[in-house]
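Worksheet: the structure to be examined is printed underneath.
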């Protein structure tokens, strides 16, 4: 039975954040509209000064709503073939009761909301790292972010789950910074192993399907083009940008998230459509 390698993508957990990082984490949650900080930002926080620099760059676009609202608008046009519908009877057989269904739907909704924000954030940082610091006059619109979605149950520890669940999770894994990475959507849903196995079976062939590749590419290119418009308005940051070696790591991670973030939107939305109403 396949088991997950113990050395996974590094991250600074929210529970360990302090000082400026804790403040940044709080603002990321607020302006992303979700009650947690994504692994993208938790990974950047492991490199000294990188998250602080990145947040200074994109913060004007986040607090004004320019960045998240653009991501959410683009996400609404992303479509791939649906998953087969799941009945209440099937869910009960899989050990999913009404409370479980509500939790699963909330998990999918969280990722549908946060993934476009991560894609846009990555696109903005990618432009700044490859083309130089912005020199705009700033973004001054006043924006009220949406209320936070309910808290999710949390990611399961890949080393603590049963071997069979671990093996299914690794079917859904990708690679970031040369290390295995299981998107948090699946680590959350692993609390319902039968549902997870169904997803791995249904989604596995879709990862490389023509329709998925076309939708992923279109979403990514639209987001990165929109990021160019946003970056043109950003003021110059005062903090020093990452060195060359760190920049290569950050760019590689952004490029990988540019693959997985569209998938989280597409598959998260298809999960919501396949499930009964809570």
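The values are calculated or read from the model by the stated rules, or taken from the named source; none is laboratory data. Small disclaimer: the values here were computed from a predicted structure and weren't measured. When we count neighbours, we look across all protein chains shown, and the Cβ atoms used for this are built from the backbone with ideal geometry, even at glycine.
Numbers at a glance
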item	result
Whichever residue in the range 247-259 is surrounded by fewer than 21 Cβ atoms within 10 Å (Cβ to Cβ) and out of contact with any strand residue (DSSP E or B) (no Cβ under 6 Å at 6 or more places or on another chain) and, among such residues, is modelled with the lowest pLDDT	259
Some residue of the range 39-61 being without any contact (Cβ under 8 Å) to a residue 60 or more places away in the chain, surrounded by fewer than 20 Cβ atoms within 10 Å (Cβ to Cβ) and under 17 Å from residue 120 (Cβ atoms)	yes
Helices (runs of 4 or more DSSP H) completely within the range 143-241 that count 1 or more residues being free of Cβ contacts under 8 Å to residues at least 24 places away in the same chain and within 23 Å of residue 252 (Cα to Cα)	184-189, 210-231
One residue from 116, 183 being in contact with a strand residue (DSSP E or B) (Cβ under 8 Å, 6 or more places away or on another chain) and surrounded by 21 or more Cβ atoms within 10 Å (Cβ to Cβ)	183
Qualifying residue in the range 2-15 (condition: more than 25 Å from residue 180 (Cβ to Cβ) and either out of contact with any helix residue (DSSP H, G or I) (no Cβ under 7 Å at 6 or more places or on another chain) or touching a residue at least 12 places away in the same chain (Cβ under 8 Å) (or both))	no
Output for the range 73-129, where each listed residue is without any contact (Cβ under 8 Å) to a residue 24 or more places away in the chain and over 27 Å from residue 224 (Cβ atoms)	89, 90, 92, 97, 99
Among the residues listed as 29, 105, 113, the single one being over 24 Å from residue 131 (Cβ atoms) and out of contact with any helix residue (DSSP H, G or I) (no Cβ under 8 Å at 6 or more places or on another chain)	29
Some residue of the range 62-70 being farther than 30 Å from residue 238 by Cα, assigned to a helix (DSSP H, G or I) and modelled with pLDDT of 95 or more	no
Residue list for the range 224-240, filter: farther than 12 Å from residue 127 by Cα and touching a helix residue (DSSP H, G or I) at 6+ places or on another chain (Cβ under 6 Å)	237, 239
Sole residue being within 13 Å of residue 191 (Cα to Cα) and either surrounded by 14 or more Cβ atoms within 10 Å (Cβ to Cβ) or in contact with a strand residue (DSSP E or B) (Cβ under 8 Å, 6 or more places away or on another chain) (or both), chosen from 96, 86	96
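This table checks each residue for (1) within 19 Å of the chain's Cα centre (by Cα); (2) in a helix (DSSP H, G or I).
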| position | (1), (2) |
| --- | --- |
| 26 | yes, yes |
| 56 | no, yes |
| 59 | yes, yes |
| 81 | no, no |
| 104 | yes, yes |
| 115 | yes, yes |
